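Below is one structure, written out as structure tokens, with a few remarks after it.
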């Protein structure tokens with residue numbers, strides 16, 4: 001149950017970030033609208049908020065099942081997922097520094113998980 005909730009939480013956090021990026025693109029492409037309307041008419045903005053809201057509820061459940069110091073480092077998997085999704089969805093580049101950073105995150109998660 002805990003691992004399912006962690007995967008769900010991480011996925012929702014990454015999805016929320018992707019939606020916020022899409023929201024920012026909508027805002028930039030609709031400069032003719034007043035600022036408030038760029039948010040009111042922004043479907044991606046609402047989906048991002050919803051994803052973060054559900055992720056927060058799931059996170060609270062996770063914290064009732066596990067130690068914060070054990071599960072919080074797992075949140076960094078969302079960084080990896082966002083980098084990969086940004087590559088495929090927005091065509092963002094993944095360079096050597098990104099790969100090294102991802103490797104460091106993975107190794108950090110590994111070492112923290114060994115300390116249980």
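The values are calculated or read from the model by the stated rules, or taken from the named source; none is laboratory data. These figures come from a predicted structure and were not determined experimentally. Positions of Cβ are generated from backbone atoms using ideal geometry, with glycine treated the same way; all protein chains shown enter the neighbour counts.
Computed values, structure above
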item: Matching entry among 10, 47 (being over 30 Å from residue 112 (Cα atoms), modelled with pLDDT of 95 or more, out of contact with any strand residue (DSSP E or B) (no Cβ under 9 Å at 6 or more places or on another chain) and crowded, with 17+ Cβ neighbours inside 10 Å); result: 47
item: 2 or more residues within 15 Å of the chain's Cα centre (by Cα), without any contact (Cβ under 8 Å) to a residue 60 or more places away in the chain and closer than 26 Å to residue 109 by Cα: qualifying helices (runs of 4 or more DSSP H) within segment 1-89; result: 2-29, 43-65
